[in-house]
């Protein structure tokens, strides 16, 4: 008589880009997470275990790329080779050994002074970006005809740029001054090798030729006539090569998939052997449809791999079939909250977090319906990759909250009737009017005491925010330990 089939344990991992923040005077010195109404996130904290996480290490303000590598168990000090390859691969550009790539912005250059007056020609560039990328793709460098240049649109104002040819080095600086109203930079070698010096010369000609093509493009003449910023330069930064790492599945024993319309995150996922799922309406910006992201992850975690038609499975052929029993680790990336921090959109960050909370409720319902079949046991995990405080408008070094729970405990905390009553209709992120504030979020002291006044399971934490997480049983830990914590919670590690 055979052994009874074990229930499959699967993780829905939600990463809210730019999640963390600092106290905001406008909110009575609460953080946006504290000011937001987030009952589902609070329930995850109440139903599980919590901690404060430094994505890479204490005191380091990191980018999303290095933070994601660290969280997924790949030390960026060992494996990081620049973010350009992630952006370009995520945009759909193939990379071979020896190629270099850049994470790039369409920007506005004062041609007389050489000053970059705006690093983003336009955040909403979804229609025009692909047109300009098509004009640049396959361009030739007059002094270096042996090099091939590929350009592909990514997200918002960004594009991926790949250069293919002999004797290229990823060890060069970029042309991006990183702030508005500064001079366009020249690429420089970061070591004394002939390859790095030669690559810098090639890239500086590339930058010049890109501008020459863009200046004469009719689309920019149209933008100028409409009083819009012209996109007459591409800022080249984060020069990198494709990294070679152990695949995520072999490293952690979990078969992963990812929904990440933000191209740099999708490219990073591909670099780690993570399958990328499509979610209609998922854009990686303020207009994204979070419900469709949640639905895509839920379907991937509740169905065999072969029955998921929108999944990219690298290397799948008759000799290497996909995993027959489906995905174990579903990574849902949400970008808009980071954009709110960068845009110093204080009210939107709060309202955006409330929209994220609503989508997490939908995800919980989708998964609970699947768990009710008896085939699966699900876990919900939520955290961020770094803090992007609205007061600063940029990444900072503050730690982010982390929470993980069993879905069953989450449902017990909120009630199964409440879960099944959650609407699964798609909804847009909120539109914030000028001058709008958060009066409807203000609660009286009496109302506040009626909020979760005790933890349901796990540790003593019953709210999901930066302050409450500090009381969690996980304490404060570096991001490199996160996957170990998740696997131990699932009891997958001996």
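The values are calculated or read from the model by the stated rules, or taken from the named source; none is laboratory data. Predicted model only: the values in this text are computed from it and were never measured. With ideal geometry, Cβ positions are generated from the backbone for all residues, glycine too; neighbour counts draw on all protein chains shown.
What the table below lists for this structure:
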{"read-out": "Of the criteria (1) surrounded by fewer than 23 Cβ atoms within 10 Å (Cβ to Cβ); (2) in contact (Cβ under 8 Å) with a residue 40 or more places away in the chain; (3) within 21 Å of the chain's Cα centre (by Cα), which one residue 19 fails", "value": "(1)"}
{"read-out": "Residue count, the stretch 175-227 (criterion: assigned to a loop (DSSP other than H, G, I, E, B) and in contact (Cβ under 8 Å) with a residue 24 or more places away in the chain)", "value": "11"}
{"read-out": "Residue that is modelled with the lowest pLDDT [pool: residues in the stretch 453-494 that are over 26 Å from the mean Cα position of the chain (by Cα), surrounded by fewer than 16 Cβ atoms within 10 Å (Cβ to Cβ) and farther than 25 Å from residue 9 by Cβ]", "value": "453"}
{"read-out": "Filter result (loosely packed, with under 15 Cβ neighbours inside 10 Å and over 27 Å from the mean Cα position of the chain (by Cα)) within the stretch 220-263", "value": "221, 222, 224, 225, 226, 227, 228"}
{"read-out": "Condition check for residue 300: part of a helix (DSSP H, G or I), surrounded by 20 or more Cβ atoms within 10 Å (Cβ to Cβ) and out of contact with any helix residue (DSSP H, G or I) (no Cβ under 8 Å at 6 or more places or on another chain)", "value": "yes"}
{"read-out": "Listing of strands (runs of 3 or more DSSP E) fully contained in the stretch 25-137 that carry 2 or more residues being crowded, with 24+ Cβ neighbours inside 10 Å and touching a residue at least 12 places away in the same chain (Cβ under 8 Å)", "value": "49-54, 100-110"}
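Yes/no matrix, rows are residues, columns are (1) closer than 30 Å to residue 374 by Cβ; (2) modelled with pLDDT of 85 or more:
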{"position": "286", "(1), (2)": "no, no"}
{"position": "289", "(1), (2)": "no, yes"}
{"position": "321", "(1), (2)": "yes, no"}
{"position": "324", "(1), (2)": "yes, no"}
{"position": "332", "(1), (2)": "yes, yes"}
{"position": "341", "(1), (2)": "no, yes"}
{"position": "346", "(1), (2)": "no, yes"}
